[in-house]
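**Q** Just passing along the structure, written as structure tokens.
The values are calculated or read from the model by the stated rules, or taken from the named source; none is laboratory data. The structure displayed is predicted, hence computed values, not measured ones. Note that each Cβ is placed from the backbone with ideal geometry, even for glycine, and that neighbours are counted across all protein chains shown.
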Amino acid sequence: MSLKELLADRTYGPWARLVFGTAVAVSALCALYFMLTSLFVAEPASERVRFDLRAPLRIHVYDVPEDLFGVAEAACPPDMYYTEILLPKLARARRQHRASAASANAFWIPHRSTCLYHACLKRRAYVGTGAEATAEDAAVPAACKTEVAAALEAIWRHVIQTAPYWNASAGTDHVLVFAWDEASYLVGGHAIGAALRPAIHLTHYGSVAPTQAFHPHKDIVIPPFLNATVWSDAHRRSRQLRQRLSRGAGGRVAPWALFVGTVHDDPAYSAGVRQALRELARAPDTRLHFHQGHLPVRARAAAGA
């Protein structure tokens, strides 16, 4: 018998039905409460944010020696990952910023991990996981993540050795931007990943999948940086590439669709969509041009730009 039928059953008196219905409603609310608290609150006490979220924000951005970043800011392109460069600058420019850390209630650790990772891939001429990849290529991402972890750990150690605030709160009132696709999983296999876990992470996706390293009780989803100039330039290069492909085929098989991007062999990456497009592009009569790699780098050479 459903709850609706039970409450409508005249076998029970009105008071009995009222008491029973109230008990069911209270039980449902209690279950909802405990479910929500288990999702957003029930975390180890050492990882709970310790500063008062109701208090006015007073944030201090740490000064980090340039040589610890591992990559020059000029080498970081204003792409979708640029938030890790831009947001600390914006924080410094806001009235909530405090030059003196002693008067702050939140602390920002600047770093360039995503930029350093991509710079490492480029320096090692990484070509992805496509058919042209070699055994040496397969080892490149892990090596670059190790390089990133070393730089990030050097920054973290500088912070804890020159100021007392991380140790005072176990890092729960500290903020870092992780702009990479899988957030702090970029260094997840290294000790620094675990060390930075208590801090507040600003990420772009907010996925609670293990590889996203997002914890809803403390981390915050932010939009990626959108540089209209970059996307306009990418569109122009895409058009040039299509024209070049059309000329190369004698104008007979102009592609009606173009895909440019990274594809991993694991179907879990992109939910299998990119892998399906790759297979479609292999058909002899396809009009889909599939290009492994990122457009701003690969299309420049392919389009003769």
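**Q** Quick one: E136 ticks every box in (1) touching a residue at least 12 places away in the same chain (Cβ under 8 Å); (2) surrounded by fewer than 17 Cβ atoms within 10 Å (Cβ to Cβ); (3) among the charged types (D, E, K, R) except a single one, so which number is it?
**A** Among (1) touching a residue at least 12 places away in the same chain (Cβ under 8 Å); (2) surrounded by fewer than 17 Cβ atoms within 10 Å (Cβ to Cβ); (3) among the charged types (D, E, K, R), the lone unmet condition for E136 is (1).
**Q** Which of (1) of a type outside the set (S, T, N, Q); (2) touching a Ser or Thr at 6+ places or on another chain (Cβ under 9 Å); (3) not in a loop (DSSP other than H, G, I, E, B) does Y81 not meet, given it meets every other one?
**A** (3) is the only condition that Y81 fails.
**Q** Going by the conditions given, is V127 hydrophobic (A, V, I, L, M, F, W, C), surrounded by fewer than 19 Cβ atoms within 10 Å (Cβ to Cβ) and within 20 Å of C144 (Cβ to Cβ)?
**A** When the stated conditions are applied, V127 passes them.
**Q** Of the numbered conditions (1) at pLDDT below 70; (2) surrounded by 17 or more Cβ atoms within 10 Å (Cβ to Cβ), K218 fails exactly one; give the number of that condition.
**A** Of the numbered conditions (1) at pLDDT below 70; (2) surrounded by 17 or more Cβ atoms within 10 Å (Cβ to Cβ), the odd one out for K218 is (1).
**Q** Output the number of residues of region 72-103 satisfying the condition of being free of Cβ contacts under 8 Å to residues at least 60 places away in the same chain and among the aliphatic types (A, V, I, L, M).
**A** Of the residues in that region, 9 qualify.
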